[in-house]
Amino acid sequence: MSSWHIRPLRDAVEARDCTTHLVEFGPWHTLGIAAERLFNDLTNPQREVFVAEFGGQMIGVLVLHLGGSFDGYIQLIAVFPEFQNRGFGKQLIQFAEENIFRRTQNVFLCVSSFNDRAQKFYERLGYQRIGDLENFLVAGQNEILMRKTRGPLVGFIPQK
């Protein structure tokens, strides 16, 4: 994967391009999440947003929510369908974990209860189910809160 890399989202044009991809597949499509909501998540100045590129083409996106009660929350992670099953999702998770574990002992994420494939993927990477969030994004659908931990927060010293 020598032509693979992750970099910060550049601008609103890239955010719009990512939004176009996201609304067409996966849980966002199934849940009927509006494009404008996704665009706002991708352009939120309080989030760290990254894109994955392969061969000069944008192939995925990652949104990290750092700070607050769930410091270390992967708010959104996606590899666009035509690039799935090539290891890119695992690489995006590893990138997120490297960034988050410098700051805190826990990585959190949510996965839709109907998304069995993603749940198994996260479990293989060491994430544990810690709770169900009923009607979290839309009525009638649940999200599963998952966590990967390196230990308790007390005594942890963040890296600079």
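The values are calculated or read from the model by the stated rules, or taken from the named source; none is laboratory data. Just so it is clear, the model here is predicted, and its values are computed rather than measured. FYI the Cβ positions are ideal-geometry reconstructions off the backbone, even for glycines, and counts take in every protein chain you see.
Only residues that are under 22 Å from residue 41 (Cα atoms), in a loop (DSSP other than H, G, I, E, B) and either without any contact (Cβ under 8 Å) to a residue 60 or more places away in the chain or in contact with a strand residue (DSSP E or B) (Cβ under 8 Å, 6 or more places away or on another chain) (or both): list them for the stretch 101-118, please.
Once the filter is applied, which keeps residues that are under 22 Å from residue 41 (Cα atoms), in a loop (DSSP other than H, G, I, E, B) and either without any contact (Cβ under 8 Å) to a residue 60 or more places away in the chain or in contact with a strand residue (DSSP E or B) (Cβ under 8 Å, 6 or more places away or on another chain) (or both), the stretch 101-118 yields 103, 113.
Can you tell me how many residues within the stretch 121-160 are free of Cβ contacts under 8 Å to residues at least 24 places away in the same chain and either surrounded by 10 or more Cβ atoms within 10 Å (Cβ to Cβ) or within 10 Å of residue 110 (Cα to Cα) (or both)?
Total satisfying the criteria: 11.
Pairs, please: C-beta under 6 Å, at least 6 apart or cross-chain, first residue closer than 18 Å to residue 86 by Cβ and in the stretch 1-25, second assigned to a helix (DSSP H, G or I)?
Going by the 6 Å Cβ cut-off, the qualifying pairs are 6/95; 25/81.
Could you tell me whether residue 59 is under 20 Å from residue 29 (Cα atoms), buried (at least 19 other Cβ atoms within 10 Å of the Cβ) and in contact with an Asp or Glu (Cβ under 9 Å, 6 or more places away or on another chain)?
yes
Out of all the residues in the stretch 103-121, which are at pLDDT 95 or above and of a type in the set (Phe, Trp, Tyr)?
108, 121
Which number in (1) surrounded by fewer than 21 Cβ atoms within 10 Å (Cβ to Cβ); (2) touching a helix residue (DSSP H, G or I) at 6+ places or on another chain (Cβ under 6 Å); (3) of a type in the set (Phe, Trp, Tyr); (4) closer than 21 Å to residue 146 by Cβ marks the one condition that residue 95 misses?
Only one criterion is unmet by residue 95, namely (2).
Residues of the stretch 131-160 being assigned to a strand (DSSP E or B) and farther than 16 Å from residue 118 by Cβ, which ones?
The answer is 131, 134, 149.
Can you pull out every residue in the stretch 4-55 that is surrounded by 19 or more Cβ atoms within 10 Å (Cβ to Cβ) and among the hydroxyl-bearing types (Ser, Thr, Tyr)?
If the condition is that a residue be surrounded by 19 or more Cβ atoms within 10 Å (Cβ to Cβ) and among the hydroxyl-bearing types (Ser, Thr, Tyr), then 19 is the only one that fits.
Hey, can you tell me all the residues within the stretch 26-53 that are of a type in the set (Val, Ile, Thr) and under 14 Å from residue 74 (Cα atoms)?
Those that are of a type in the set (Val, Ile, Thr) and under 14 Å from residue 74 (Cα atoms): 49, 51.
Restricting attention to the stretch 132-142, does a residue exist that is modelled with pLDDT of 95 or more and touching a helix residue (DSSP H, G or I) at 6+ places or on another chain (Cβ under 9 Å)?
There is no residue in the stretch 132-142 that is modelled with pLDDT of 95 or more and touching a helix residue (DSSP H, G or I) at 6+ places or on another chain (Cβ under 9 Å).
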